[in-house]
Amino acid sequence: MDFSEEIRSKAKELLESGTVDCIIGYERATDGVVARPLFVYQPSNVDRLIFDQTCAHNLTKYLLNRKDKATAIVVKPCDSRAINLLINESQIQRDKVSIIGVVCPGIVKAGLDNTSGELQDACLTCQQHTPVLYDFLVGEPASEPDVPDAYPDVSGMEDKSAGERRAFWEEQFSRCIRCYACRQVCPGCYCLECFVERLDPMWVGIRIAPGENEVWNTIRAFHLAGRCIDCNECERVCPVNIPLSLLNRKLGKEVEELFNFQAGIDAETPMPFSTFDKEEKLGISE
Amino acid sequence: MSEFISKQDLLTWLGQLMGERNLVAPTRVDDLLLFRKVDRVEDIVFDFDNTTMSPKEWFYPSSETLFYVEQKDGQTELIPAAIEKETAIFGIRPCDAQGMAMNDYPFLEEPADALYMQHRDKTALIGLACITACPECFCTSMGCGPHDPANVDILLTEVTDGYIAQVLTDKGKTLLPDNLLTTADVSSPPAPVLSEVPSDGIAEKMRQAFDEPFWDRLADRCIHCNICSYVCPTCYCFDVRDYTDKERIERVRSWESCQSPGFTRLAGGHDPRSTKGSRLRQRFSHKLLYFPRQFGALGCIGCGRCVRACPVNIDIREIIKDVQQLGVKSEA
Amino acid sequence: MKPENPLLPYLSTLQELIDLTPDVKLFRLELNDPDIRESFDYKPGQFVFVSAFGVGESPFGITSVAHRKAGLDVAIRRVGTVTNALHQLEPGATVGVRGPFGNYFPLDEYKGKNIFIIGGGIGFAPLRPIITTVLDYREDYGDLVIINGARSPQDLVFAPEFDAWAASPKTKLELTVDAGDEKWTGKVALIPSVVSELKLSPQNAIAITCGPPIMIHFTLIELRKLGFADNQIITTLEGKMKCGLGKCARCNVGEKYICKDGPVFSMEQISQLIEQF
């Protein structure tokens with residue numbers, strides 16, 4: 001799949017008409033194979049834009065650096081859920097963003113080129129190939145796939161004993177180097193002062209070591225419970241291959257089962273953990 | 001004619017080293033290749049390009065206790081940390097060894113950092129020359145080379161059935177017993193040819209490009225994580241924090257990155273490098289302009305780890321090329 | 001025991017805490033080890049790191065002078081976690097001291113010259129040892145003009161010394177506040193306008209200034225208007241620091257480290273820096 005031409009022509013139109021000051025899209029990376037984010041400010045630069053199955057990045061986090069400026073952005077369906085999240089949580093204004101949505105057949109594994117056909121694991125359980133929110137659509141919407149089991153990775157883990165799971169996560173977090181790439185790339189992580197930077201009280205210190213690493217990763221996952229839109233960026237950017245999505249998807253599965261809620265499907269449904277109802281669900285066994 | 005050690009003798013020797021000191025070598029940790037302390041020779045990987053994380057963590061750990069403070073019965077005692085055991089690092093590439101030599105400049109400059117100095121003194125480097133190169137390697141453009149024997153105690157170059165062994169320092173002589181070496185009629189394979197990066201005169205060009213909007217545009221896609229600084233052999237920024245556990249206080253130093261938002265933010269809230277562009281410019285200016293001005297050598301040794309690891313393909317090779325071009329444009 | 005690791009603090013005891021303003025206290029410290037105390041020499045402009053063990057460490061300009069051999073003083077404004085913890089200590093508490101770090105005001109070069117000290121708020125702290133030195137060696141220096149400003153009368157730092165300063169020979173003290181109170185009868189004006197009003201002459205003079213960035217910015221404009229050359233205007237910079245040794249690579253302004261190449265810089269040196277803050 002290659003939608004580069006369509007993206008370029010839409011981008012040119014939006015810039016030339018003055019609808020936006022900037023397009024956030026993708027271009028080819030220096031290895032000539034994978035993609036990287038690209039910010040286009042001049043119509044003469046739109047030819048650098050590409051869109052194909054190497055365009056893994058979720059670009060929506062960048063919208064938070066341009067809150068008061070008119071911006072166009074290229075989004076896949078998973079990315080579009082992040083825009084709903086950010087609108088719902090009052091972080092961006094809908095009328096400032098021109099959304100170029102792309103119908104997505106899946107992104108190829110890291111390092112592979114557009115022709116490889118080998119999709120990343122995260123794309124195999126995707127239930128939305130058409131963006132949930134857009135101003136312009138590139139590609140023909142097809143019927144959504146039937147995915148009988150959306151969380152086989154999570155169920156696989158749930159089947160293991162507590163001891164096995166503990167050992168697994170201890171091993172994984174021991175490799176964490178606290179680069180915070182997972183947090184920086186995540187559209188749901190936008191706190192001006194992250195809990196990990198707090199000194200008083202000091203929830204987590206600066207020690208790059210097991211113990212602290214576990215606290216960092218698990219609390220971040222909890223802060224995303226009911227908010228994570230499952231774009232897999234955290235896991236993709238992790239330099240030491242920690243399966244972070246697994247943790248976030250576990251909590252996402254729990255929230256779906258408890259509250260019948262999935263983050264990012266729309267921008268209006270009240271979010272479970274930031275909504276206070278006089279009649280709350282009190283017990284898990286209700 | 002060269003000094004030669006057979007593969008079998010090498011394995012025996014590494015096994016011996018393991019008994020007397022920490023032996024650190026490239027080893028598989030899940031899908032990653034990392035320098036770890038090994039207890040079995042079978043765990044050592046010999047056939048590899050380079051590790052994900054550099055070996056700097058063996059001289060400058062990601063977290064390190066500086067000292068303890070114990071307060072009891074109105075008395076306060078300060079107990080400094082000390083490095084006791086000897087270490088040998090096997091499998092360090094010439095570029096990384098150059099990187100460790102670069103770190104010596106800031107850390108050993110008066111007043112020398114005591115813990116770093118102890119690590120350095122107690123560690124021997126057994127280098128492994130590069131037979132192939134990764135696509136991202138560019139050490140030859142940064143003052144180093146795939147067969148460069150500088151900065152290691154012993155350099156091994158793979159040939160048929162074993163390695164050419166160059167013993168370069170007294171520490172290396174003490175480490176490798178003569179009886180394991182034979183003289184053989186073998187010569188080094190040619191060094192791999194690496195792609196070139198136009199690093200000549202880069203410091204001056206970086207100076208000229210300092211106020212260009214280039215840095216803000218580049219920073220548009222930077223996510224300001226710490227990956228580049230942490231995988232890099234020559235990045236050395238650190239943070240210091242106190243921990244209290246019952247009566248014992250511990251002061252710990254950990255890696256930090258100039259890319260983090262808030263790296264330069266003062267307690268009152270003022271932040272001289274609050275923009276993304278100024279932070280991004282700081283890292284490359286440090287490596288390619290300030291470090292050379294301060295110490296006379298480039299702060300980047302061309303290992304390519306940052307290029308592989310950066311989630312948004314901020315590529316120092318591309319930056320060097322672009323900055324060289326910026327100078328040309330402004331003259332035109 | 002002299003620590004060999006420059007990151008290890010000297011154990012010191014807090015002798016006295018004096019309130020200077022609602023958020024600034026003067027800390028009188030004494031290094032515990034007699035040999036270290038004896039050999040601890042420093043010059044105006046230098047700074048130390050003070051540790052509140054268990055909380056952390058921060059850099060502070062030294063406000064005492066070594067030649068009086070009367071202990072080590074720092075003036076600390078309560079603004080964050082470490083300074084808050086330090087403010088809550090009682091006399092007798094053990095703290096850590098590392099230093100002295102940084103360069104210093106080259107007072108020998110200022111001998112025979114007129115000295116103009118222009119400080120705002122807690123920025124006055126590193127300037128005080130210059131005043132003490134000039135007054136202790138009065139014959140060595142020309143006229144001394146001290147402009148000390150703050151947001152309000154209670155925020156003026158080193159009030160207990162104002163009378164002594166004003167009474168010294170060839171010395172003029174101008175206090176000024178942004179906003180007065182019912183009791184204040186002095187000047188109500190911003191520091192730069194006081195500089196302009198006094199028509200300070202650049203003839204054989206050095207102007208040394210420290211304070212919030214905006215105050216320095218406008219003071220600089222006035223001094224330049226009066227004809228001061230950039231090498232006659234001296235300031236002391238601050239930055240976030242963790243080591244004080246140029247090793248944690250945090251406090252640099254371009255290729256210069258505030259902790260090693262500064263904190264004292266002339267405006268001429270600052271204008272030549274690659275990075276401009």
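Every residue, every condition in (1) at pLDDT 95 or above; (2) touching a Pro at 6+ places or on another chain (Cβ under 8 Å); (3) over 17 Å from residue B:92 (Cβ atoms); (4) crowded, with 20+ Cβ neighbours inside 10 Å, yes or no:
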position: B:3; (1), (2), (3), (4): no, no, yes, no
position: B:7; (1), (2), (3), (4): yes, no, yes, no
position: B:11; (1), (2), (3), (4): yes, no, yes, no
position: B:20; (1), (2), (3), (4): no, no, yes, no
position: B:25; (1), (2), (3), (4): yes, no, no, yes
position: B:33; (1), (2), (3), (4): yes, yes, no, no
position: B:42; (1), (2), (3), (4): yes, no, yes, no
position: B:45; (1), (2), (3), (4): yes, yes, no, no
position: B:51; (1), (2), (3), (4): yes, yes, no, yes
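Filtering the stretch C:254-277 to residues that are within 14 Å of chain B (Cβ to nearest Cβ) and touching a Phe, Trp or Tyr at 6+ places or on another chain (Cβ under 6 Å) leaves C:255, C:259, C:274.
Quick check on the stretch C:21-33. Is at least one of its residues outside the structural domain of residue C:86 (by TED's automatic domain parsing), touching a helix residue (DSSP H, G or I) at 6+ places or on another chain (Cβ under 8 Å) and surrounded by fewer than 15 Cβ atoms within 10 Å (Cβ to Cβ)?
Looking through the stretch C:21-33, none of the residues is outside the structural domain of residue C:86 (by TED's automatic domain parsing), touching a helix residue (DSSP H, G or I) at 6+ places or on another chain (Cβ under 8 Å) and surrounded by fewer than 15 Cβ atoms within 10 Å (Cβ to Cβ).
Filtering the stretch A:98-105 for residues that are of a type in the set (Ser, Thr, Tyr) and out of contact with any helix residue (DSSP H, G or I) (no Cβ under 7 Å at 6 or more places or on another chain) leaves an empty set. The set of residues in the stretch A:103-139 being aromatic (Phe, Trp, Tyr) and in a loop (DSSP other than H, G, I, E, B) consists of A:134 alone. With respect to the conditions (1) crowded, with 22+ Cβ neighbours inside 10 Å; (2) within 14 Å of chain A (Cβ to nearest Cβ); (3) of a type in the set (A, V, I, L, M, F, W, C), residue B:219 lacks only one, and its number is (1). From the list B:125, B:115, B:175, the one residue that fits, being within 14 Å of another protein chain (Cβ to nearest Cβ) and in contact with an Asp or Glu (Cβ under 8 Å, 6 or more places away or on another chain), is B:115. Do we have any residue at all in the stretch B:237-246 that's in contact with a strand residue (DSSP E or B) (Cβ under 8 Å, 6 or more places away or on another chain), among the hydrophobic types (A, V, I, L, M, F, W, C) and over 15 Å from residue B:286 (Cβ atoms)? Checking the stretch B:237-246: at least one residue is in contact with a strand residue (DSSP E or B) (Cβ under 8 Å, 6 or more places away or on another chain), among the hydrophobic types (A, V, I, L, M, F, W, C) and over 15 Å from residue B:286 (Cβ atoms). All conditions in (1) modelled with pLDDT of 95 or more; (2) under 13 Å from residue C:118 (Cβ atoms); (3) in contact with a strand residue (DSSP E or B) (Cβ under 7 Å, 6 or more places away or on another chain) hold for residue C:226, with the sole exception of (3).
The residue list B:257, B:278 contains one member that is modelled with pLDDT of 95 or more, assigned to a helix (DSSP H, G or I) and more than 7 Å from every other protein chain (Cβ to nearest Cβ), which is B:278. Within the stretch A:207-230, residues that are within 14 Å of chain B (Cβ to nearest Cβ) have Cβ atoms under 6 Å from residues that are charged (D, E, K, R) in these pairs: A:208/A:178, counting only partners at least 6 apart in sequence or on another chain. Any chance the stretch B:25-33 includes a residue that's within 9 Å of another protein chain (Cβ to nearest Cβ), assigned to a strand (DSSP E or B) and among the small types (Gly, Ala, Ser)? Scanning the stretch B:25-33 turns up no residue that is within 9 Å of another protein chain (Cβ to nearest Cβ), assigned to a strand (DSSP E or B) and among the small types (Gly, Ala, Ser). Filtered by the rule that a residue be buried (at least 18 other Cβ atoms within 10 Å of the Cβ) and hydrophobic (A, V, I, L, M, F, W, C), the stretch B:154-166 gives B:154, B:155, B:156, B:164, B:165. The residue that is modelled with the highest pLDDT, counting only those in the stretch B:230-249 that are outside any loop (DSSP other than H, G, I, E, B), more than 9 Å from chain C (Cβ to nearest Cβ) and closer than 21 Å to residue A:204 by Cα, is B:230. The one condition from (1) in a helix (DSSP H, G or I); (2) within 14 Å of another protein chain (Cβ to nearest Cβ) that residue A:176 does not meet is (1). All conditions in (1) within 22 Å of residue A:120 (Cβ to Cβ); (2) within 13 Å of another protein chain (Cβ to nearest Cβ); (3) crowded, with 21+ Cβ neighbours inside 10 Å hold for residue A:249, with the sole exception of (2). Considering the conditions (1) over 16 Å from residue C:20 (Cα atoms); (2) buried (at least 24 other Cβ atoms within 10 Å of the Cβ); (3) outside the structural domain of residue C:160 (by TED's automatic domain parsing), residue C:131 is excluded by exactly one of them, (3). When restricted to residues that are without any contact (Cβ under 8 Å) to a residue 40 or more places away in the chain and in contact with a helix residue (DSSP H, G or I) (Cβ under 9 Å, 6 or more places away or on another chain), the stretch A:255-279 contains 6.
Only one of A:117, A:156 is in the same structural domain as residue A:269 (by TED's automatic domain parsing) and small (Gly, Ala, Ser). Can you tell me which?
A:156 is the lone residue from the list that is in the same structural domain as residue A:269 (by TED's automatic domain parsing) and small (Gly, Ala, Ser).
Taking first residues from the stretch B:121-148 that are over 20 Å from residue B:320 (Cα atoms) and part of a loop (DSSP other than H, G, I, E, B) and partners that are modelled with pLDDT of 95 or more and of a type in the set (Phe, Trp, Tyr), the Cβ contacts under 9 Å between residues at least 6 apart in sequence or on separate chains come to B:129/B:163.
Yes or no, residue by residue, for (1) at pLDDT 95 or above; (2) within 14 Å of chain B (Cβ to nearest Cβ):
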residue: C:6; (1), (2): no, yes
residue: C:10; (1), (2): yes, yes
residue: C:15; (1), (2): yes, no
residue: C:26; (1), (2): yes, no
residue: C:31; (1), (2): yes, yes
residue: C:48; (1), (2): yes, no
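For the stretch B:292-307, the candidate set comprises residues that are under 20 Å from residue B:318 (Cβ atoms) and either of a type in the set (Val, Ile, Thr) or not in a loop (DSSP other than H, G, I, E, B) (or both); within that set, the residue that is nearest to the other protein chains (Cβ to nearest Cβ) is B:307. Against the list (1) over 16 Å from the mean Cα position of the chain (by Cα); (2) within 9 Å of chain C (Cβ to nearest Cβ); (3) crowded, with 19+ Cβ neighbours inside 10 Å, the condition residue B:271 fails is (3). For residue A:105, are the conditions met, namely being closer than 26 Å to residue A:50 by Cβ, touching a Cys at 6+ places or on another chain (Cβ under 9 Å) and outside the structural domain of residue A:33 (by TED's automatic domain parsing)? It is false that residue A:105 is closer than 26 Å to residue A:50 by Cβ, touching a Cys at 6+ places or on another chain (Cβ under 9 Å) and outside the structural domain of residue A:33 (by TED's automatic domain parsing). Annotation note: of A:257, A:235, the sole residue that is part of a helix (DSSP H, G or I) and at pLDDT below 95 is A:257. Answer yes or no: is there a residue in the stretch A:169-186 that is touching a residue at least 40 places away in the same chain (Cβ under 8 Å), within 17 Å of residue B:30 (Cβ to Cβ) and of a type in the set (S, T, N, Q). Within the stretch A:169-186 (the criterion being touching a residue at least 40 places away in the same chain (Cβ under 8 Å), within 17 Å of residue B:30 (Cβ to Cβ) and of a type in the set (S, T, N, Q)), the answer is yes, since at least one residue qualifies. Do the conditions hold for residue C:90, that is, is it at the interface with chain B (Cβ under 10 Å from one of its Cβ atoms) and either part of a loop (DSSP other than H, G, I, E, B) or surrounded by 18 or more Cβ atoms within 10 Å (Cβ to Cβ) (or both)? Criteria not met by residue C:90.
The values are calculated or read from the model by the stated rules, or taken from the named source; none is laboratory data. The structure presented is a predicted model; accordingly, all values stated were derived computationally and were not measured. Ideal geometry is used to build each Cβ from the backbone, glycine not excepted, and the neighbour counts take in all protein chains shown.
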